[in-house]
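Engineer: Mind looking over this structure? Questions follow.
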Amino acid sequence: MENSNNVFEVGDRPFFIAEIGKNFIQSEEEKSVDEYLNNAKALVKAAKESGADAVKFQTHVREDEVLNIDFTSPHFNGSDRYSWVGRNEAATPVETFWQPLKAYCDEIDIAFFSTPMSRKAAELLNDIGVPFWKVGSGDVEDYVLMDYLIETGKPIIISTGMVSLTELDEVVNYITSKGSPLIVLYCVSKYPCPPQDFNLGTIENFIEKYPQVTIGFSDHSITHDAVKGSLKLGAKVVEKHFSFDRELWGSDHKASITPGEFKEMVEIAESKSYMDFDGTDFYGDKSRELEGADNQFRPYFNKALMAGMDIPAGTIVTEAMVYAMRPVSLAGGLPANRLHDVIGREVNKDIKKFDPVTVELFG
C-alpha cells in the first residue's frame with residue numbers, strides 16, 4: 001500500500017472492510033483457540049467471497065487497556081469489561097492465532113489488519129505485519145497509542161463515533177501534521193444504529209473541511225440504505241460489521257451484516273445503483289455537532305492516564321512510563337488527550353503502577 005491520499009480506493013469503487021472484530025467468538029461457552037481460529041478463517045473466506053478488500057479484527061492486551069474495575073458497557077451485558085477483554089486476549093495467542101490468521105489472509109489475497117486497543121496491542125500487531133491501522137472511536141484521543149502508530153508511518157483510519165467536531169479537528173490536525181496518511185470514517189456508535197440517528201451530511205462536511213484526508217463511513221446499521229447515502233455523498237471507504245448470524249452470542253453480532261448482505265452492498269457500489277437512492281431522510285444537517293460529543297459510551301471507552309510502572313519521586317516522565325486505560329469515568333487519571341501535558345515533567349512523589357496520573361503529581 002502506498003502512502004497516498006487515495007490508498008484505499010479500488011478502481012472506481014470504494015474500499016470495503018469486513019469488520020469481523022470478535023465475531024469468531026460465537027457462544028457464551030469458551031472454546032479452544034483452534035476453534036476460534038477456524039471460525040475466524042471461515043469468516044475471512046466468506047468476506048473474500050463477498051467482495052471485501054480487507055478484514056479487520058480487534059486486538060487486546062489487557063495490561064495497558066482496561067483497569068481491573070467492575071464495569072459493564074451498555075452495548076453488551078453478557079460480561080463485565082475486564083473479563084471480556086481478558087477472554088479475547090486469551091483466545092488469540094500470537095503464535096497460534098494471529099500469525100496463522102495473517103498467513104491465511106495472505107494466502108487468499110485479502111488484506112489483514114486489526115484495531116489495536118492499546119499501545120501494547122499495536123506493538124504486537126506491528127511485529128505480525130499490518131499494512132495500516134484502525135483506531136476505534138473510544139481511542140481517537142488516546143495519544144499514547146496514537147504516537148506509536150504515527151511512528152510506524154503507516155496509514156491510520158479513525159472513526160468519529162465518540163468525538164466532537166472540535167476534538168476531531170485537534171486529532172486530524174495532529175496526525176496530518178506528523179505526515180501520516182489519514183482516513184476518517186463518519187460513524188455513529190450505536191449497535192445497531194437506527195436510521196433516524198444518521199446525519200450523513202457530515203460526510204460532505206468532512207470532504208470539504210479535510211481535503212487532505214480520505215473520507216469514508218463506518219456503518220453499524222443492518223440495511224444498505226445508509227451506505228447508499230454515504231456512497232452518493234462520496235465516501236471512499238466503507239466498513240461494516242460482519243457475521244454469519246445476528247443471533248449468535250457476543251457483543252457485535254447483532255450490529256453485523258451477513259455474507260450475502262455484504263455481497264449485495266458491494267454490488268450496489270459496483271453498479272452505482274446508489275446514485276438513484278433518495279438519501280434525504282439520512283442527510284440531516286452537515287454542520288451539526290457529531291453524535292459522539294455526548295455519546296453514552298464515552299465514560300466506558302474513553303481512557304485516562306495511569307502509571308505504567310512504579311515511578312519514584314523526582315523522575316522525569318516519559319511516554320514509555322504511561323498507560324492510557326479504560327474507563328475514564330472511574331480511573332481517576334487525567335484524560336488520555338492530556339498526555340503531552342505530563343511528558344517531560346518531574347513527579348513530586350512515588351507512584352505505583354496503575355496509579356492515576358494527576359496534576360497533583362507535578363509541582
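The values are calculated or read from the model by the stated rules, or taken from the named source; none is laboratory data. Being a predicted model, the structure only gives us computed values, none of them experimental. Virtual Cβ from ideal backbone geometry, glycine too; neighbours counted across all protein chains shown.
Engineer: When both residues are 6+ apart or on different chains and their Cβ atoms are under 6 Å apart, which pairs have a first residue that lies in segment 344-356 and is in contact (Cβ under 8 Å) with a residue 60 or more places away in the chain, and a second that is surrounded by 13 or more Cβ atoms within 10 Å (Cβ to Cβ) and not in a loop (DSSP other than H, G, I, E, B)?
Structural biologist: Qualifying pairs under 6 Å: PHE354/MET306.
Engineer: On the basis of being surrounded by fewer than 17 Cβ atoms within 10 Å (Cβ to Cβ) and assigned by TED's automatic domain parsing to the domain that holds TYR143, does SER218 make the cut?
Structural biologist: Values: surrounded by fewer than 17 Cβ atoms within 10 Å (Cβ to Cβ): no; assigned by TED's automatic domain parsing to the domain that holds TYR143: yes.
Criteria not met by SER218.
Engineer: Cβ-Cβ below 8 Å, separation at least six or inter-chain, first residue in segment 110-124 and among the aliphatic types (A, V, I, L, M) and surrounded by 22 or more Cβ atoms within 10 Å (Cβ to Cβ), second modelled with pLDDT under 95 and not in a loop (DSSP other than H, G, I, E, B): which pairs?
Structural biologist: Hits for this filter: MET117/VAL85.
Engineer: I need a count of the residues in segment 78-102 that are part of a helix (DSSP H, G or I), surrounded by fewer than 19 Cβ atoms within 10 Å (Cβ to Cβ) and small (Gly, Ala, Ser).
Structural biologist: Matching residues across segment 78-102 total 3.
Engineer: A further question follows. With respect to the numbered conditions (1) in a helix (DSSP H, G or I); (2) modelled with pLDDT under 95; (3) among the aromatic types (Phe, Trp, Tyr), which one is the sole condition not fulfilled by PHE71?
Structural biologist: Tallying (1) in a helix (DSSP H, G or I); (2) modelled with pLDDT under 95; (3) among the aromatic types (Phe, Trp, Tyr), PHE71 fails exactly one: (1).
Engineer: Looking only at segment 258-280, decide whether some residue is assigned by TED's automatic domain parsing to the domain that holds THR202, polar (S, T, N, Q) and touching a strand residue (DSSP E or B) at 6+ places or on another chain (Cβ under 9 Å).
Structural biologist: The answer is yes, given that some residue of segment 258-280 is assigned by TED's automatic domain parsing to the domain that holds THR202, polar (S, T, N, Q) and touching a strand residue (DSSP E or B) at 6+ places or on another chain (Cβ under 9 Å).
Engineer: Here is a follow-up. Output the qualifying pairs, or none if there are none: Cβ atoms under 6 angstrom, residues six or more apart or on different chains, first residue in segment 302-321 and within 18 Å of ASP142 (Cα to Cα), second residue part of a loop (DSSP other than H, G, I, E, B) and acidic (Asp, Glu).
Structural biologist: Once the first residue is within 18 Å of ASP142 (Cα to Cα) and sits in segment 302-321, its partners that are part of a loop (DSSP other than H, G, I, E, B) and acidic (Asp, Glu) give LYS303/ASP142; ALA307/ASP355.
Engineer: Follow-up. State whether one or more residues within segment 213-220 are over 20 Å from SER164 (Cβ atoms), part of a strand (DSSP E or B), in contact (Cβ under 8 Å) with a residue 60 or more places away in the chain and not charged (D, E, K, R).
Structural biologist: Looking through segment 213-220, at least one residue is over 20 Å from SER164 (Cβ atoms), part of a strand (DSSP E or B), in contact (Cβ under 8 Å) with a residue 60 or more places away in the chain and not charged (D, E, K, R).
Engineer: What residue, among those in segment 331-363 that are among the β-branched types (Val, Ile, Thr) and surrounded by fewer than 20 Cβ atoms within 10 Å (Cβ to Cβ), is farthest from the chain's Cα centre (by Cα)?
Structural biologist: VAL359
Engineer: Go through segment 243-293 and give me each residue that's within 20 Å of the chain's Cα centre (by Cα), more than 18 Å from LYS45 (Cα to Cα) and assigned to a helix (DSSP H, G or I).
Structural biologist: Hits for segment 243-293 are LYS254, ALA255, GLU291, GLY292, ALA293.
Engineer: Filter segment 334-363 down to the residues that are assigned to a loop (DSSP other than H, G, I, E, B) and of a type in the set (Lys, Arg), then identify the one that is nearest to MET162 (Cα to Cα).
Structural biologist: Checked segment 334-363; the qualifying residue nearest to MET162 (Cα to Cα) is LYS353.
Engineer: Tell me the residue from PRO259, PRO194 that is over 20 Å from GLY136 (Cβ atoms), surrounded by fewer than 17 Cβ atoms within 10 Å (Cβ to Cβ) and not aromatic (Phe, Trp, Tyr), please.
Structural biologist: Every option except PRO194 fails the conditions.
Engineer: Further question: Here is a list of conditions, (1) among the aliphatic types (A, V, I, L, M); (2) more than 21 Å from the chain's Cα centre (by Cα); (3) at pLDDT below 95, and VAL328 meets all of them except one; can you say which number that is?
Structural biologist: (2)
Engineer: When you look at THR96, is it β-branched (Val, Ile, Thr) and more than 29 Å from ALA304 (Cα to Cα), yes or no?
Structural biologist: Considered against the rule, which asks whether it is β-branched (Val, Ile, Thr) and more than 29 Å from ALA304 (Cα to Cα), THR96 comes out as yes.
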